[in-house]
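The values are calculated or read from the model by the stated rules, or taken from the named source; none is laboratory data. This structure is a prediction, so every number in the text was calculated from the model and none was measured. Please note: Cβ atoms are built from the backbone with ideal geometry, for glycine as well, and neighbour counts cover all protein chains shown. Please note that ligands, DNA and RNA were not included when accessible areas were found on the heavy atoms of the full protein model with its side chains. Shrake-Rupley method; radii C 1.70, N 1.55, O 1.52, S 1.80 Å.
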Amino acid sequence: MAKAGRRRAVVALVAVLAVAASVAVVARVLAPAEVETAARDPYPEAPAPTAGVIGRLPVAPLVVDGRLRVYAGTRQVYADQPVTGRHRVTPFWSYRRWPATLVGVLAEGTTVVSRWSDGKLVALDARTGRVAWRADGPEPGSVPKPRRTFAATVWDPAGLHLARTADGLDVLLAAGPGAVGGYALADGRRLWRADVGRGCRTDVGSTASGDLVGVDNCAGPAAVELRDAGTGAVRTRWRPPDAPGQLVVTPVGCRDGHSGCRGLRTAGPDGGNSRGWLVTDPGEPTAAPGLDGPTSVLDGERVVDTSGGVVVGRSPRTGEELWRRADVHPARVLAQEPGRVHLLTDRRELVTLDPLTGASRSEFVLDVGRDGIGWRPGRAYAADGYVAVERVRERATETDDDQGWFLMAEPVLLAAT
């Protein structure tokens, strides 16, 4: 009996230890965690590529400092190099968090900021991949699930913008349902936080004069709200003359994404009553008739308009025609960056113009290998002279899954202009 008792005791002890080990494993797996995999190689030099298609990628790249390509995943932000590589390669650095999901990424200089579903803001040093700072931001609320390229996450991050104040301070702006905040980009220091209405306002971008642009209809007809990026104080509330009750506001002439924008376009929900405005100075926006066209874009003191079958450069303040290019095949604006407007013709030619003069900087067909030109553009992006575009099947619809939507497994084309 004694032996049997000892045997039962041993079995019980083994069972207890097994349960304890299982609990420890579960705790390690389920506990919130982050994994920082820093760069092992030196920071690369910025290349000087010749104009043309570089290659194809399975996910959308964010070009950082003209040297790296930064990508998004469900729970990861990572980089590869060189920026001119034909394909995605082993990460230069990587940062993961769990169980939060990644909802937005943007970059300024060598700082890459990631935003997560739990509201955390994590800045990484692009040169090393190491965490530069962390901050608690407003929770982003519900963000639509991105398609497999994660283009929406890196090219159009919801509620995440940059602004530069009059005294030169770079500010990260994060907005979510019920709250918005400003953070010093250099160190993550919170500069201000404001409680705002839920479900009755949206933040759409930032201005070149250092304001966060919001559309607020919490207490009456929709109005444009311009909030000082450095202090959070509302400097201006404004409604365009004869504006409809519901107002759609689109930033134009932006330095990067929806940040540092020189203009706005206001319209009704159906696109009617489109009006252009300049926001280069503090105070109420200034009328810009040259920007009234719903497809026109702004670069500095030039508007580029493709609506009339030819490409025209205009003055934003008067609408006066300043140059004309009748030799460009029917085209649409694919993407824009300071000093370059990238047009895509119906022959899938990428034509990059100098918006000041209308002169071509480069022209070539967006094709690689035997892929062909039987596609239409999805999301697109431009920075540092590089252009990336998703290729979508010609007959795809928004309800199609990713396989039916994208042209192939590597649907993103990257080109240098």
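Just the residues that are under 27 Å from Glu398 (Cβ atoms), open to solvent by 20 Å² or more (accessible area, probe 1.4 Å) and free of Cβ contacts under 8 Å to residues at least 60 places away in the same chain, please, taken from the stretch 141-175. Answer for the stretch 141-175, where residues must be under 27 Å from Glu398 (Cβ atoms), open to solvent by 20 Å² or more (accessible area, probe 1.4 Å) and free of Cβ contacts under 8 Å to residues at least 60 places away in the same chain: Gly141, Ser142, Val143, Pro144, Lys145, Ala158. Each residue in the stretch 381-401 was checked for being in contact (Cβ under 8 Å) with a residue 40 or more places away in the chain and either over 17 Å from Tyr71 (Cα atoms) or open to solvent by 30 Å² or more (accessible area, probe 1.4 Å) (or both), and 2 of them qualify. Residues in the stretch 344-380 that are under 22 Å from Ala152 (Cα atoms), of a type outside the set (A, V, I, L, M, F, W, C) and without any contact (Cβ under 8 Å) to a residue 60 or more places away in the chain: 2 in all. Quick check, is Asp195 at pLDDT 95 or above and open to solvent by 10 Å² or more (accessible area, probe 1.4 Å)? Spelling it out, Asp195 is indeed at pLDDT 95 or above and open to solvent by 10 Å² or more (accessible area, probe 1.4 Å). In the set (1) open to solvent by 10 Å² or more (accessible area, probe 1.4 Å); (2) touching a residue at least 40 places away in the same chain (Cβ under 8 Å); (3) over 18 Å from Ala416 (Cα atoms), Arg75 fails one condition alone, (2).
Here is the figure for the stretch 254-305: residues that are surrounded by 18 or more Cβ atoms within 10 Å (Cβ to Cβ), out of contact with any helix residue (DSSP H, G or I) (no Cβ under 8 Å at 6 or more places or on another chain) and at positive phi total 1. Going by the structure shown, is Gly308 open to solvent by 20 Å² or more (accessible area, probe 1.4 Å), more than 18 Å from Ala208 (Cα to Cα) and at pLDDT below 95? Considered against the rule, which asks whether it is open to solvent by 20 Å² or more (accessible area, probe 1.4 Å), more than 18 Å from Ala208 (Cα to Cα) and at pLDDT below 95, Gly308 comes out as yes.
Of the strands (runs of 3 or more DSSP E) lying entirely inside the stretch 28-102, those carrying at least 2 residues that are at pLDDT 95 or above and over 21 Å from the mean Cα position of the chain (by Cα) are 33-37, 52-57. Only residues that are touching a Lys or Arg at 6+ places or on another chain (Cβ under 6 Å) and surrounded by fewer than 23 Cβ atoms within 10 Å (Cβ to Cβ) were counted across the stretch 78-96, and they come to 2.
Yes/no matrix, rows are residues, columns are (1) at pLDDT 95 or above; (2) more than 26 Å from Ala151 (Cβ to Cβ); (3) hydrophobic (A, V, I, L, M, F, W, C):
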| residue | (1), (2), (3) |
| --- | --- |
| Asp228 | yes, yes, no |
| Thr280 | no, yes, no |
| Asp292 | yes, yes, no |
| Ser296 | yes, no, no |
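Matching residues to (1) outside any strand (DSSP E or B); (2) within 23 Å of the chain's Cα centre (by Cα):
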residue	(1), (2)
Pro240	yes, no
Ala243	yes, no
Gln246	yes, no
Thr250	no, yes
Thr280	yes, yes
Val304	no, yes
Ser307	yes, no
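Restricting attention to the stretch 236-253, the residues that are at positive phi and open to solvent by 20 Å² or more (accessible area, probe 1.4 Å) add up to 1. Under the condition of being within 25 Å of Thr286 (Cβ to Cβ) and open to solvent by less than 50 Å² (accessible area, probe 1.4 Å), the residues counted in the stretch 312-335 number 7.
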